Amino acid sequence: MRMSTRKRIPTRTPMRSAPAARARITRTVACGGAALMLGTSLTACGGGGSGSGGGSQEFHVLVYGDAGNKVEKKIVAEFNKTSKVKAVLDTIPGADYQQKLQTIINTPQAPDVFYNWGGGSIRPYVKAGLLMPLDDVFPNDPKIGDHFLPSVYNTAKIDGKAYGIPMRGTQPVLLFSNKKVLADAGVTAPKTWDDLLTDVKKLKAKGVTPIALGGGDKWTTMMWFEYLYDRVAGPGLFEKAVSGDKSVWASADSKKALSMFRQLVDAGAFGSNYDSVKWTGGGSAQLLASGKAGFELMGSWEYSTQKENSPDFAAHGLGYTTFPSVAGGKGNTADLVGNTNNFYSVMKKTKQRAAIAKFLKLMYSDDFVKAQLSIGNLPTTTNTDKFLDSTGDPAYAKYQLNLVSKAPSFQVSWDQAYPPSQMTAIYQAVQEFTDGKIDAGAFIKDMQALDAS
Amino acid sequence: MTPAQPDMTAPGPGATSAATGADSGSGSGSGSGGTRRRALRGDRSRGGAGRGAGGPARRSAAARGTARPGIGWALPAVVFFGLFALVPLVMVAVLSFTSWSGLGSPSFAGLTNWTKLFHDPVMIQSLWLSVLLTGLGVVVQTPLSILIGVWAAGPQRGRAVLAAVFFVPLLLSVTAVSVLWRALLDPNFGVPAQARWLFGDGDLFGSRTGAIGVLVLVSAWQYTPLHSLIYQGATRAIPKVLYQAAAVDGAGRVRQFFHITLPQLRNAIVTSVILMVVGGLTTFDSVLILTQGGPGTDTTITAFYMYEKAFKSFDYGAGAAIALLLVVVATAISLVVVRLSGYDRMAGTQEGLS
C-alpha cells in the first residue's frame, strides 16, 4: 500500500493532505512495534542493571501524572530533606500510564517504586516475579498494614501477600440522586432493590429518565453489574472468578444478578438512548443536575464534578446513598465497590530497599493525610478521621470514610481486578448484554473467556 | 483567485462572454493565444509519448539534454524510508509470528496469531466494516466535493469567500472535530434534543446504523473540503476553449457539466478516490473518539481493532498480524482502483484538443 500510494498520489496537494496523514497510522504503529522490539532487545543486552543506576544513591518513583502530583512532589521533597538516598519522582501524564508501564517495567528503565491500582493491575507483574512483597520490604515491621483501612489494604494482596501501600484517596461508588426530582415524584432513596424498581416506575410516570447512565463509557454500566453481583452472590463469587474459577459465572447467583439487571433495563430505568450518553464530557452528570434524571450510580468523584459544574445543585440538590440491598441476597448492604485507592508497589530488583521502606512509611504520616485532604482526596489511613473537620465538606468526607472503614468487602472495579488486557472484553460483554444484543448465556461465556492470570 | 479569470463551469451568457474571457487573456493562461500555445505543446508531448513514430529520437534527445540525477541525491530519502517504513514493516511481520505482552521477550508462536485471526468473527467483520465505511465515504463525498469544487472554481468574489469558509474544517485536527461532534450529537443536550422529529430519541451511538451514519457524516464534514480543493484546481485547468465550442454548439449549462467538466475531471476523480480509499481504510482517530468501536463491536474497523489488540489487550503479536493484514488488503484495494481507473497510465484528457 505504501509503495503504491507513494508513487502514484501527487504528494504536492495544495494543503497538508489529511487522509495521507491518516494513512500513516499503519506506519506509526509499525514504528511503535519496532521501538518496542528494540526496547526488549535492549533489555536482553542490558544485563538487568537497576533503574536507579547501580551505585548512585537514589531510587525512582513512577506516578500517574495529574493534579494529584502536588502531594507526591511535596512528600518526595520532604523525604529528600533528611534522607541520604534521594527519591526521584517521574510522572507519566494521562491515560497512557498503564501502557507505558507495561513496556518499561521489565527493562533497565524500570522504576524502583510505581503507582498502580492494586488487584489485576499488578497481578501479571507478581506472576512474572517482578514485585517485592511488603513482608520483604518491611522485614522488621510485619504490622505495617495496620496503619491502613483493611478493606482498602486487602485489595492490593495477590495470593494472600500484600504488594501495595495505599498512597492517594479512596473512591467508592455511591448512588447519587437529585433530591428535588425525587421529591416531586414522591420517591425516597431506595433501601431495597424492590424500592428501586418502584422508584423507577414513579419517576418514569413523571416523564424523567429514572436513572442517568453514561453508557457510552461502558465502565459506568459495569458498576451496576459489580454491585448487583455483590448483593446477590456476595463478594466471594467475583473473588473466585478473578482467581481463576470460571465455573462461578454459570452459577445460579450469577444468572439471578443478570436477570435482575435485565429487568431494570427493560423497565426503562435508563431511558433508551443511554448508549449515546457519556459521563466523560459531562453528559450524564448534567442529566442529573438539570433534573432530567432522578438517580445516577457513580464514583465518589461525582460530588466534586457536580460542585465544579453545578455548584448550586451540589450544595442543595445532590443526594447520595449506598446501593440498595437485595432480598435473599448473600451480599452485605455495607459492601462497597469502586476504586479502593492507588498503591505504591516495590520492584524486586531494587537496590534501595531500606530507603524505600522509610519513604513508604510517610504514606500514613499526619502531613501526608493533611496534604491529600487539602486537594480533595480521602486517604485510607487509620489516622485520617482525626483531620476530617478541616476539609471543605466534612460531612461528605466522614460519610465516605465511615462506609469504607466499616465495609466488610470493598471490591475493586472489575476492569481493575482483572489484568488490563481483559478490559476491552469486559466492556464489550457489559454493553452488549445491556443492549440486549447477547443473552445471559453469551454473557457468561464471554466472562468465562477472560484470562485472569 | 483573480476576478479576471473566466468562469469554467458555465461560461454564463453564452459565446459573447466567452469571447471576452478569451480576449482578456487572464493569468491562468486560458486566453486564446495561451490556449493555442499550450495545445500545441500538448500535441507535441502526446506525439512523443503516445504514437512513438518519431518518439525514440526525441526521447533520447531529452535524455541527453537533462541527465537524471545520480542515486546519491535519493539517498537521504531512501535511508529515511528504509529506517522508518521498511524496517518497522519487517519487524511487524516478525512480531506477528510471536506472542508478546510487552513483558519479557517475544516468544515464537508460529502461525497461532494468524489462525486465530482468520477464525475471529470480529476480525472478519472489521474488514467488511472498513470497506463499508470507505465505500460510503467515497459515495457521499465524491458527488458533494465535485459539485462544491466546480462551483468554487468560479471567479466571483462571493464564491471565494464562501469557499474559504468552507475549507476551515480541513484545518482542524480530527480529534478536535470528533470531540466537537460527540458533544453536538449528545441526545439530551445536543442537536438531537432539538430535532426529535428527525432523530427520535437521539440514540445515534446506540445502533449500528446510527454509529456508522455519524462516522460517515463526520468524515464527510472534515474531508469534503480537501477533495473540493482538488476538484476546484482541476476545474480551473480545463481549457476555456472547450466551453466556447460547446456553447457554439448550443450546449446548456447542464450538458456542459456532464460532457465537458466531468470527463475533464477524470484524473482528479481518480486521485481523490484513491486518497479517500487509503484514508478510509486506515481511519482510526474518529472511531476512537466518537464510538470506541461500539456499540459492542459494531464499528470496530480493522485499524481500531489492531489498536485494541496491541495497546489495550497487550497482545502485540495479534496486533501486528492485524496491521499486516490491513497493509495487504489496503494495497490490494488501491491496486485494483489504480488498475480499473487507468490511473497508472495517466492518459491525458485533452486528446485531440488543438
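The values are calculated or read from the model by the stated rules, or taken from the named source; none is laboratory data. Computed from a predicted structure; not experimentally measured. Glycine also receives a Cβ, built like all others from the backbone with ideal geometry; neighbour counts cover every protein chain displayed. In case anyone asks, the SASA skips ligands and DNA or RNA and just uses the protein heavy atoms, side chains included. Shrake-Rupley method; radii C 1.70, N 1.55, O 1.52, S 1.80 Å.
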Residue satisfying condition, being under 23 Å from the mean Cα position of the chain (by Cα) and either among the β-branched types (V, I, T) or surrounded by fewer than 21 Cβ atoms within 10 Å (Cβ to Cβ) (or both), within set A:S304, A:S345, A:S310: A:S304
Tally of residues being farther than 24 Å from A:L197 by Cα, under 23 Å from the mean Cα position of the chain (by Cα) and crowded, with 18+ Cβ neighbours inside 10 Å across segment A:233-267: 5
Segment B:197-215 - residue that is among the hydrophobic types (A, V, I, L, M, F, W, C) and open to solvent by 20 Å² or more (accessible area, probe 1.4 Å) and, of those, farthest from B:T283 (Cα to Cα): B:W197
Conditions (1) under 18 Å from the mean Cα position of the chain (by Cα); (2) polar (S, T, N, Q); (3) open to solvent by less than 20 Å² (accessible area, probe 1.4 Å); number of the one not met by B:N267: (3)
Subset tally (residues that are surrounded by fewer than 23 Cβ atoms within 10 Å (Cβ to Cβ), part of a helix (DSSP H, G or I), of a type outside the set (D, E, K, R) and facing chain A (nearest Cβ under 7 Å)) for segment B:307-333: 3
Filtered residue count, segment A:194-221, keeping only those that are in contact (Cβ under 8 Å) with a residue 12 or more places away in the chain, in a helix (DSSP H, G or I) and surrounded by fewer than 21 Cβ atoms within 10 Å (Cβ to Cβ): 8
Verdict on A:Q422 being crowded, with 21+ Cβ neighbours inside 10 Å, under 18 Å from the mean Cα position of the chain (by Cα) and either among the small types (G, A, S) or away from every other protein chain (no Cβ under 11 Å) (or both): no
Any hit, segment A:390-397, residues being within 30 Å of A:T221 (Cα to Cα), of a type outside the set (G, A, S), open to solvent by 40 Å² or more (accessible area, probe 1.4 Å) and in the same structural domain as A:V265 (by TED's automatic domain parsing): no
Segment B:277-301 residues that are more than 17 Å from B:R182 (Cα to Cα) and within 7 Å of another protein chain (Cβ to nearest Cβ), paired with ones that are assigned to a loop (DSSP other than H, G, I, E, B) and open to solvent by 10 Å² or more (accessible area, probe 1.4 Å) (beta carbon under 7 Å, 6 or more apart): B:V278/A:M1; B:G296/A:D435; B:G296/A:K437
Within segment B:231-261, tally of residues that are within 14 Å of another protein chain (Cβ to nearest Cβ), assigned to a helix (DSSP H, G or I) and open to solvent by 30 Å² or more (accessible area, probe 1.4 Å): 2
Out of B:I124, B:I146, sole residue that is on the phi < 0 side of the Ramachandran plot, in a helix (DSSP H, G or I) and open to solvent by less than 60 Å² (accessible area, probe 1.4 Å): B:I146
Test: A:K370 is more than 30 Å from A:Q57 (Cβ to Cβ) and touching a helix residue (DSSP H, G or I) at 6+ places or on another chain (Cβ under 9 Å): no
Residues being farther than 30 Å from B:D203 by Cβ and in contact with a helix residue (DSSP H, G or I) (Cβ under 7 Å, 6 or more places away or on another chain) - total across segment B:152-169: 6
Hits in segment A:181-193 (condition: open to solvent by 40 Å² or more (accessible area, probe 1.4 Å), assigned to a helix (DSSP H, G or I) and over 13 Å from A:A293 (Cβ atoms)): A:A183
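Yes/no matrix, rows are residues, columns are (1) surrounded by 16 or more Cβ atoms within 10 Å (Cβ to Cβ); (2) of a type in the set (D, E, K, R); (3) more than 13 Å from chain A (Cβ to nearest Cβ):
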{"site": "B:R157", "(1), (2), (3)": "no, yes, yes"}
{"site": "B:L162", "(1), (2), (3)": "no, no, yes"}
{"site": "B:V165", "(1), (2), (3)": "no, no, yes"}
{"site": "B:L170", "(1), (2), (3)": "yes, no, no"}
{"site": "B:G190", "(1), (2), (3)": "yes, no, no"}
Test set (1) modelled with pLDDT of 90 or more; (2) under 32 Å from the mean Cα position of the chain (by Cα); (3) more than 14 Å from chain A (Cβ to nearest Cβ) - B:F81 fails condition number: (3)
Residue in segment A:319-331 that is β-branched (V, I, T) and in contact with a Leu (Cβ under 6 Å, 6 or more places away or on another chain) present: yes
Subset of segment A:385-399 [in a helix (DSSP H, G or I) and without any contact (Cβ under 8 Å) to a residue 24 or more places away in the chain]: A:D385, A:K386, A:F387, A:L388, A:D389, A:S390, A:P394, A:A395, A:K398
Residues (under 16 Å from A:Y227 (Cα atoms), in contact with a Phe, Trp or Tyr (Cβ under 7 Å, 6 or more places away or on another chain) and either within 14 Å of chain B (Cβ to nearest Cβ) or in a helix (DSSP H, G or I) (or both)) located in segment A:261-302: A:F261, A:E296
Search result, residues across segment A:92-131 that are more than 12 Å from chain B (Cβ to nearest Cβ), surrounded by fewer than 19 Cβ atoms within 10 Å (Cβ to Cβ) and out of contact with any helix residue (DSSP H, G or I) (no Cβ under 6 Å at 6 or more places or on another chain): A:P93, A:G94, A:Q109
Hits in segment A:155-180 - residues which are more than 22 Å from A:G129 (Cβ to Cβ) and open to solvent by 20 Å² or more (accessible area, probe 1.4 Å): A:Q171, A:K179, A:K180
Of the criteria (1) in contact with a helix residue (DSSP H, G or I) (Cβ under 8 Å, 6 or more places away or on another chain); (2) surrounded by fewer than 17 Cβ atoms within 10 Å (Cβ to Cβ); (3) part of a helix (DSSP H, G or I), which one B:G104 fails: (3)
